[in-house]
Amino acid sequence: MKKNTLLLLVAMNITMLCSYADEGRPIVSFCQETESIVESPIQQTLQETRKKLFELTHHDAVVMKNFDNFAEVLQVAFQKEKSMTVQEIEKICLGIDFAAEKHRFQTRKNKERTPYISHPIGVAYHLMEVGEVREASVVIGALLHDTVEDTQTTFEEIENKFGKQISGLVREVTDDKSLARDVRKRFQVISASHKSKGAAQIKLADKLFNLKDLYNNPPPDWTQARIDRYYEWAQSVVDRLPNANDKLHDAIKEIIDQYWEKQISAYTQTN
Ligand code: ZN
């Protein structure tokens, strides 16, 4: 290749990369000494998924932050630890694309009405960052864990796109919406001990995310008593889950203890 053509290609790439700069930090790094671009095979895939999320959520800052944190863990798993393959990361990105599309019109219950996809991405992040889980099928199961329960998605659709193992995991963590809300919640407690390791890990990461979210950013219409009840209920689900991941269990214990400590000090201050 002629030198001019090569320089032009490098310049085009730089222009292309700079166009992402507005959408947050660029994922690609440069090696100044050789003027070449150091690009790992997963960076383009991550960048494309980031761009889709950026458009689908109308540039939501929380979603982009959650994605960037998750992408960083994926990069570490791929490049540094070599614990995940290109194909696995590509499939995880497909999982993000799929879940983002399915949840696109849904929001969380917090004051800011954050786009719902912030939750499954956060759950997958906790699974990898706190729980140190590196099984791609479990990570994808986490990304898809609310699609059947909360959208029109079917298990067959998930099986066709992601395979039997992942649809099986999603099935294990999906509540039966035909049951009344309190029956569903009770069923989560009594069925917890029968979960497979992967499903238990997803449930732990899901509970960890929700408990932290309730602690830091509770829905404005939830009373303190309702939050207390959620904490009690989550504790009873977690207590009955098989011991699938010590680190996730410890992190949940920590946030639950922190919550009750806060309630005790608020109570003693007002009495
Ligand atoms: Zn969830």
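Residue check: is residue 108 more than 11 Å from the ligand (Cβ to nearest atom), over 12 Å from the mean Cα position of the chain (by Cα) and either of a type in the set (Phe, Trp, Tyr) or closer than 15 Å to residue 213 by Cβ (or both)?
On the way: more than 11 Å from the ligand (Cβ to nearest atom): no; over 12 Å from the mean Cα position of the chain (by Cα): yes; either of a type in the set (Phe, Trp, Tyr) or closer than 15 Å to residue 213 by Cβ (or both): yes.
In short, no.
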statement: residue 178 vs (1) in a loop (DSSP other than H, G, I, E, B); (2) within 22 Å of residue 64 (Cα to Cα): all pass except (2)
task: Residue by residue through region 127-166, note down the ones that are of a type outside the set (D, E, K, R), within 16 Å of the ligand (Cβ to nearest atom) and open to solvent by 20 Å² or more (accessible area, probe 1.4 Å).
output: 130, 148, 151
query: Does any residue of region 213-236 turn out to be touching a residue at least 60 places away in the same chain (Cβ under 8 Å), surrounded by 18 or more Cβ atoms within 10 Å (Cβ to Cβ) and either more than 16 Å from the ligand (Cβ to nearest atom) or assigned to a helix (DSSP H, G or I) (or both)?
result: yes
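Can residue 192 be described as within 20 Å of the chain's Cα centre (by Cα) and closer than 24 Å to residue 164 by Cα?
Values: within 20 Å of the chain's Cα centre (by Cα): no; closer than 24 Å to residue 164 by Cα: yes.
The answer is no for residue 192.
The values are calculated or read from the model by the stated rules, or taken from the named source; none is laboratory data. Nothing here was measured: the structure is a model prediction, and the numbers come from that model. Here Cβ is always computed from backbone atoms with ideal geometry, including for glycine, and neighbour counts include all displayed protein chains. Heads up: the accessible areas ignore ligands, DNA and RNA and are worked out on the full protein's heavy atoms, side chains in. Shrake-Rupley method; radii C 1.70, N 1.55, O 1.52, S 1.80 Å.
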